[in-house]
Amino acid sequence: MTYSAFSLLREALRNHTGWKPAWRSPKPRAEYDVIIIGGGGHGLATAYYLAKNHNVGRIAVLEKGWLGGGNTGRNTTVIRSNYFYPESVALYELSMKLYEGLSRDLNYNVMFSQRGMLILAHSQPEMEIAARTVNAMRLNGVDADLLGPEDVRKRAPVLNFRDDARYPIHGAVFQGRAGTGRHDAVAWGYARGADQRGVDIIQNCEVLDVIVEGGVCKGVETSKGTIRAGRIGAAVAGHSSALAQMAGVSLPIQSYALQAFVSEPLKPVIDTVAFSPSAGTYFSQSDKGGLVIGGGLDRVPSYGQRGNLPMQEAVLSGLIEMAPAVAKVKLLRHWAGIVDVTPDSSPVIGPSGVDGLFLNCGWGTGGFKAIPAGGYLFAHLLATGTHHAISRPFDLDRFRSGYLVDEGAASGIAH
Amino acid sequence: MQQFPCPFCGLRNEQEFHFAGEAGKIRPDTTRKVSAADWADYLYTQKNTMGEVREVWMHSPCAEIFILRRDSVSMAVLGVEQLRKNKP
């Protein structure tokens, strides 16, 4: 069923009795050509682009819980491509471009709102680094503007312009095409598009072991039985190390909890995304009115998908420094997802080292913005067995060659 | 706020502690030629175990370095091991 003004009107006239489920819930077959482990944004996007752009036969997505129940449903929905190195910009700008056409491509409103993003600079030396970032972004063909304090004040008057501010605002790096999207809709839209193209999406199907025969990955043991496949792709974010371990592979990844917060709904106070590296906090406001607040990683490695108080205090202290007017606003919810952090804060896309098993992981704290590109490039890898030019720099072999894409150090961006 | 046990100071707030890495890694012998793969393994590869982990931690205020055993899912502390040879 195509969603349109006409289908909405038709269903309104017949009391919404004709809507069909957006995807099937099939029983798993014994064998597929390609299995994707992980029914989050990256896994579902991979299935969608595999079915749409490549001719690979039967495809299944295996999800241990429900679709988008991991980090896809736990992030702060920011989409941006304000990176430093050409390799990163090529990757995240591909994602941005795919996001810009995604609602139309999927016939599903992912509510990508290009409301812009401010990265605040709080001193003259920070302004010099901000100018360098803007120049790097422009050289890489991405929109970027260096704003002075008055420009920042016009865009976001709720920010802290008081004389006694601990971090006075000297200006900002502004990317106007950045923004926010509806995270669940991204997962659901890709799921619906993949299902329409014949992909079997199997929920409540946990992978318990990876079958390796003669050094080649041949399938998986799941809570719904053995499923064999020609090629297997893992897109399981914070649990990538645990999954790779099943195939005897160790990864350059450490898993941490990343927390996020949403406040009670307010009247509109900010219509852009504001990030202060000094305060260690960023926030935006959802269409419903809640402030969506995020910050840095927890400092204790963890697989526990829940929040805790030390980082809550740090992030909310930063919020109050950034926007003192919201100090009395009450929190509505607070949660954590488990993110897979690499030594260079860049993702891993490539072969795992075991034939037949491929990895899409290591996105750390920035996986949501990369969903379309991650899916597009991982589909190319799974279909052809070789890298797309944009994913080549993100192969695991960079840790041996030393050709790291060290975005954490380069762009000063909390991932 | 969780508390971790410092062998020198006793139970202290988790914010005072610094995670240094997994325990048991041995630095390559640099008196011989070390392959890129061995360096990469030492520098970057992590067990990142889901469940019981054994890690090197530092209690920043007193600079005591020690081994902490804990559960990476429940976050429970399972044990602490001193590394200093002259125990106080």
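How many residues does the range A:345-384 hold that are of a type outside the set (D, E, K, R) and not in a loop (DSSP other than H, G, I, E, B)? Within the range A:345-384, residues that are of a type outside the set (D, E, K, R) and not in a loop (DSSP other than H, G, I, E, B) number 25. Annotation note: Cβ proximity below 7 Å between a residue of the range A:314-342 that is touching a residue at least 24 places away in the same chain (Cβ under 8 Å) and within 13 Å of A:G294 (Cα to Cα) and a residue that is in a strand (DSSP E or B) and among the aliphatic types (A, V, I, L, M) (sequence gap 6+ or interchain) occurs for A:V315/A:I293; A:L319/A:I293; A:M322/A:A274; A:R333/A:V262; A:W335/A:A260; A:A336/A:A257; A:A336/A:L258; A:G337/A:L258. Residue under question is A:Y83, and the condition is that it be in a loop (DSSP other than H, G, I, E, B) and at pLDDT below 95; does it hold? The answer is yes for A:Y83. The criterion of at least 2 residues that are within 23 Å of the chain's Cα centre (by Cα) is met by the following strands (runs of 3 or more DSSP E) wholly inside the range A:137-232: A:171-175, A:200-202.
Here A:A90 fits the description: surrounded by fewer than 24 Cβ atoms within 10 Å (Cβ to Cβ), of a type in the set (A, V, I, L, M, F, W, C) and part of a helix (DSSP H, G or I).
Annotation for the range A:229-248: no member residue is in contact with a Leu (Cβ under 7 Å, 6 or more places away or on another chain) and farther than 30 Å from B:T45 by Cβ. Taking the range A:210-241 as the search range and keeping residues that are free of Cβ contacts under 8 Å to residues at least 60 places away in the same chain and within 28 Å of A:Q305 (Cβ to Cβ), which one is farthest from the other protein chains (Cβ to nearest Cβ)? Checked the range A:210-241; the qualifying residue farthest from the other protein chains (Cβ to nearest Cβ) is A:I211. When the range A:144-167 is filtered for residues that are in contact with a helix residue (DSSP H, G or I) (Cβ under 8 Å, 6 or more places away or on another chain) and touching a residue at least 40 places away in the same chain (Cβ under 8 Å), the ones remaining, listed by number, are A:A144, A:V158, A:L159, A:N160, A:R162, A:A165, A:R166, A:Y167. All conditions in (1) surrounded by fewer than 20 Cβ atoms within 10 Å (Cβ to Cβ); (2) within 30 Å of A:F399 (Cβ to Cβ) hold for A:L251, with the sole exception of (1). Of all the residues in the range B:6-46, those that are touching a helix residue (DSSP H, G or I) at 6+ places or on another chain (Cβ under 6 Å) and of a type in the set (F, W, Y) number 1.
Criterion applied to A:S263, A:S317, A:S241 was being out of contact with any helix residue (DSSP H, G or I) (no Cβ under 7 Å at 6 or more places or on another chain), within 30 Å of A:E213 (Cβ to Cβ) and at pLDDT 95 or above, and the one residue passing it is A:S241.
For the range A:365-393, the candidate set comprises residues that are of a type in the set (G, A, S) and out of contact with any Ser or Thr (no Cβ under 6 Å at 6 or more places or on another chain); within that set, the residue that is surrounded by the most Cβ atoms within 10 Å (Cβ to Cβ) is A:G374. Report whether or not A:D200 is closer than 30 Å to A:A314 by Cβ and in contact (Cβ under 8 Å) with a residue 40 or more places away in the chain. So A:D200 does not fit the description; no. Under the condition of being touching a Lys or Arg at 6+ places or on another chain (Cβ under 9 Å) and either among the aliphatic types (A, V, I, L, M) or assigned to a strand (DSSP E or B) (or both), the residues counted in the range A:244-258 number 3.
Among the residues making up the range B:58-77, those that are more than 14 Å from chain A (Cβ to nearest Cβ) and not in a loop (DSSP other than H, G, I, E, B) are B:E64, B:I65, B:F66, B:I67. When the range B:16-37 is limited to residues that are acidic (D, E) and surrounded by 14 or more Cβ atoms within 10 Å (Cβ to Cβ), the one that is nearest to the other protein chains (Cβ to nearest Cβ) turns out to be B:E22.
The values are calculated or read from the model by the stated rules, or taken from the named source; none is laboratory data. All values reported here derive from a predicted model rather than from experimental measurement. Every residue, glycine as well, gets a Cβ built from its backbone with ideal geometry; the counts of neighbours run over all protein chains shown.
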